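What follows is a single structure, written as structure tokens, with notes after it.
A short reminder: the numbers here are calculations on the coordinates, not readings from a lab. This structure is a prediction, so every number in the text was calculated from the model and none was measured. When we count neighbours, we look across all protein chains shown, and the Cβ atoms used for this are built from the backbone with ideal geometry, even at glycine.
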Amino acid sequence: MSAIIENNQLPFSAKFLQFYKDRTLLAILLSLFAVMFIYGIFFTENYLTITNFKAIIRDAALYGIMAIGLTFVTLSGNFFLLSLKETASICGVTFAMGMATGFGSPDLAGNFLVSLLAALAVGVVSGVIQGYFVGMGGNPIVVTLGGAGILYGIGAWWSDNLVINFTRPHDAEWLGTGSFLGLPSITWSFILIAIAAEIVLRHTNFGRKVYLVGANKAAGKATGHENFSMAIIVFTICSVCCAFVAVAFVAQMDSAQSNYFSAEFGSSGDMTILVIATVMVGGNSIMGGYGSTLRTSLGAIFIAMVDNMMVLQGFNSGPRIVGVGLMIVFSIIVFGLFAKGSRAQE
Amino acid sequence: MSTNPILKISKVSRTFGAIQALKEANFEINEGEIMGLVGENGAGKSTLVKIISGFDPGFKGSYQINGKEVKFETPSQAEESGIAIAQQELSLIPNMSVAENIFLTGAKVKKFATLNTLAKMARPYLDEVGLTEVDPTTRINLLSVGEQHLVEVARLISREAKILILDEPTAALGEAESRRILEMVERLAANGKSIIYVSHRLDEIFKITKRITILRDGVSQGIQETKDIDVNKLVEIMLGRELANMFPSKADHISDDPKLEVKELWPDGVLEPVSFSAFKGEILGLSGQLGSGAGEVLASIAGALQSRSGSLTLNGETFLPKSPSHAIKKKIAYCSSDRKKDGLFLGRPIFENLTSPALGAISKYGFNFGSSEDNYSRNLAKEFLIDVKRMHDESGLLSGGNQQKVALGKWLSIKPDVLLVNEPTRGVDVGAKSEIYQRMRELAARGITIIFASTDIQEITYLPDRVITFYRGMMIDEHRLEQIKTPVILKEITDPFNETNL
């Protein structure tokens, strides 16, 4: 026991090394950033421009926000919400309906607040219902796959599979295409949500419970933290994040269709896969109890950087989707290797 | 009895890191003999069994079969030499038929065999273990647990095992089923098989064995002829003499101010509703073997196990906890027997474990910026002798003893009125054991009512002020202070109704 040295007696360089020893995964992620960055500077035209970096973060924002929501689900040991794009789809349709028709009452047509609240409410309801079934002991994969079908179906049915258009000028432009202090609104939203999520996870009882329940459901139950309420809350958080992203995306496009988030979303294909990739690339434990939304945010930016570089190098969407797939595989392998060394395996 | 032993082990020792699980063990068994292997928890029984069955090649000492020195690297090598083990957790596949399970490895079976062929092949083995009326095409999960044990043994016999190790085969069984197992053991021995019978149930040991090997603290205490000794003598050899000073002294007297009254509690695993009271500041022990219901009673007081009926009265309030969080609100803390399963968050730091039941106490308006949690967890750690410098380490990195201290210590954070502990020192080394006993006594002296359940006979004799004994789901008797005596309790938890006529 005498070999233990108090942390504050160490010189700065040793402390720095210790910090990264404890955070192997973070270190790997940061090194990859560095490699990407240097490669970008020397081998890619137009890489080192402010416009390009703004574009990277802007790309990262859409799936980053959803991934932050999903991180709560994954950290709490409830695996994944697989109805990500379907939740976004029905919420987007709801928002566009509100903007275009005011849900049947012409007075409300184009009312941003009502449309936004309606979309978020749909997110809350779908999150609560799916969380309820998972909390009751349902398998999250099965429950949310079922939820995915139902949500997408309702959205498509309601909108007759048509594109719902609403014309500019409208009240949601500031969120869709507006910017503030040189950064787009969606980027600001990403930054604020990332900070808020990190504070919640680190410094609130709820955040602590997410980690505890995720680390061991049975012990969580024994200490009075049941997964039932936890599942409902985390699935709701995740669904609301999806709803918000859907609103921002629809506001940008001035239109919505139920399959907006399925094919060719943004630049890298399927939304659900992209968001799950973000959580995985960030190095969060699939089994729960280990990780953070900060990692997820970095994961989002990393994926956006890779994607951006492939765009600048002239790849089209097929190879880029392969790139995202490779990143998932790579991150799972790296995580598996280092998790063994650094965490108790008993 | 002067024949050469078929299996002989001499001067075997085994260390795991700093812990010496076996110091010097000798063991032998003759052909057609039933040898009992007894010892308290942690005496090295399971280590010895693992060595014999080839699971643990890392030991020192000599291992001979038929007079020839052998060295097994894997269990399958041991099996080739005719040594097979039926473990407590059965390795049968529930959805497959009896016959398929028996010939699971496929040895001796043709490439294409129908279920009928297998059934015919299985018949003689099933007859041998006494499953004459069982159809070999039945699925395993339709059989009783006792019958499943017999199938497991039939499988071992089918692979021509000559030496069978039965590790606590009756631990989870009722009376009638246990009897079938014992009958089978005797029949197999008569057919020339050698049987190593490991059990906590001393009545069974006396009933069927010819000789008994007793292990204590990793040392074998010579081989006893069963007919030459009685229960008292056996227990004395098992426990040794010098253990009493590991335990803090008991209370001078028991307060007559009932703190917790348990009325008509009736969880699964208990035959009839149970009522008792626990007094302020006492340590009450619930004694019983696995399946006796003692642990179930404890879990249902904590709301971790549903009770069909009944109520608790604590601090003038009468209620029946529906969940652990309900019990926690009423200041009832429950430390379960399996800390890895539901006692600890192994991947999370120690301080998070310590404050996990009392997040409300370390935060303001749901926010927690660390400083109050830091103080809180440090105080808890100091109180339970946990190294304060390791507070940010994952709890999974701690030794068993320290893990148990964290699992137990975390409950002080809710300032409990009643502390329930199931198996307070399972898998814990002697030093930590003693510390935990000391801590429990101090907490009781502070006025906390402690109720613990244990299968460890030393613990149940020396730690509590009062003992309630359980046997197969029934409450048997109660003893106080100096009336708590090992032989009496042993008798009550193994054979209270004189079924074996020792």
For A:Ser317, B:Ser91, order by how many other beta-carbon atoms lie within 10 Å, fewest first: B:Ser91, A:Ser317
Contact order relative to length of chain B, as percent, for alpha carbon pairs under 8 angstrom and 6 or more apart: 15 percent
Given charges at Cβ of Lys, Arg, Asp, Glu: segment B:345-415 dipole, positive-most of B:Trp411, B:Asn368, B:Phe345: B:Trp411
Karplus-derived 3J(HN,Hα), 6.51/-1.76/1.60, for each residue of segment A:125-130, Hz, glycine and proline x: 4, 5, x, 4, 5, 5
Binned Cα-Cα distances of chain B, short to long, each 20 Å bin given as a whole percent: 21, 50, 27, 2
Computed over segment B:7-239: relative contact order in percent, which uses C-alpha pairs under 8 Å that are six or more apart: 29 percent
Quarter of the Cα convex hull surface for segment A:125-188, i.e. its orientation-mean projected area (nm²): 6.7 nm²
Theoretical gain in end-to-end length, A:Val35 to A:Val124 [0.36 nm per residue, Cα-Cα removed]: 28.0 nm
FRET efficiency, 1/(1 + (r/R0)^6) with R0 41 Å, evaluated for B:Ser277 and B:Ser399 via beta carbons: 0.65
Three-way shape label, segment A:64-174, alpha-carbon gyration tensor, a/c 1.5: prolate
Debye, to nearest 20: dipole size of the protein assembly as shown, +1 on Lys, Arg Cβ, -1 on Asp, Glu Cβ: 1380 debye
13 Å beta-carbon shell around A:Cys242, net charge (K/R +1, D/E -1): 0
Euclidean distance of C-alpha centroids, segment B:460-475 and segment B:51-121, integer Å: 39 Å
Proximal charge balance of A:Gly207 [Cβ under 12 Å; K/R count +1, D/E count -1]: +1
Shape parameters for segment B:293-401, alpha-carbon atoms, Rg then Dmax in Å: 16.0, 46
For segment B:345-415: Kirkwood Rh in Å [reciprocal of mean 1/r, alpha carbons]: 11.9 Å
Electrostatic dipole magnitude of segment B:7-239 [Cβ: Lys, Arg +1; Asp, Glu -1; Cα centre; debye, to 20]: 680 debye
Using a Förster distance of 22 Å, the FRET efficiency for B:Thr132-B:Met96 (Cβ separation, nearest 0.05): 0.55
Listed residues A:Asp307, A:Asp171, A:Asp254, most fluctuating in chain A (Gaussian network, C-alpha, under 10 Å): A:Asp171
Selected from A:Ala119, A:Ala67, A:Ala196 as most flexible by GNM, with chain A as the system and alpha-carbon contacts under 10 Å: A:Ala196
Shielding of B:319-328 by partner chains, average beta-carbon count, 10 Å: 3
Percent antiparallel among DSSP beta bridges (both partners in chain B, rounded to 5): 55 percent
Contour minus Cα-Cα distance for B:Ala190 and B:Leu481 (0.36 nm per residue): 100.1 nm
Estimated FRET transfer efficiency (B:Met474, A:Leu108; beta-carbon r; R0 51 Å; 0.05): 0.15
Whether segment B:395-458 is rounded, prolate or oblate, judged on the alpha carbon gyration tensor where a/c under 1.5 counts as rounded: oblate
Unsatisfied cross-links (Cα-Cα over 25 Å) in the set B:Lys250/B:Lys405; B:Lys68/B:Lys227; A:Lys209/B:Lys364; B:Lys11/B:Lys340; A:Lys217/B:Lys45; B:Lys8/B:Lys433: B:Lys68/B:Lys227; B:Lys11/B:Lys340; A:Lys217/B:Lys45; B:Lys8/B:Lys433
Table column - 3J(HN,Hα) (Hz), segment A:88-103, Karplus curve with 6.51, -1.76, 1.60, x for Gly and Pro: 4, 4, 5, 5, x, 4, 4, 4, 5, 4, x, 5, 7, 10, x, 6
Options B:Ile195, A:Gly153, A:Cys242, ranked by Cα towards positive dipole end of the protein assembly as shown, top entry (Cβ charges): A:Cys242
Average silhouette area of segment A:215-262, convex hull of alpha-carbon atoms, in square nanometres: 4.6 nm²
Within-13-Å neighbourhood charge of A:Ser126 [Cβ basis; K, R +1; D, E -1]: 0
Whole-number D in µm² s⁻¹ for the protein assembly as shown, Kirkwood Cα-pair radius fed into Stokes-Einstein, 4 °C, 1.567 mPa s: 42 µm²/s
Angle between chain A longest axis and helix A:227-253 axis [Cα atoms, degrees, rounded to 10]: 60 degrees
Anisotropy class of segment A:46-331 from Cα gyration tensor, a/c 1.5 cut: oblate
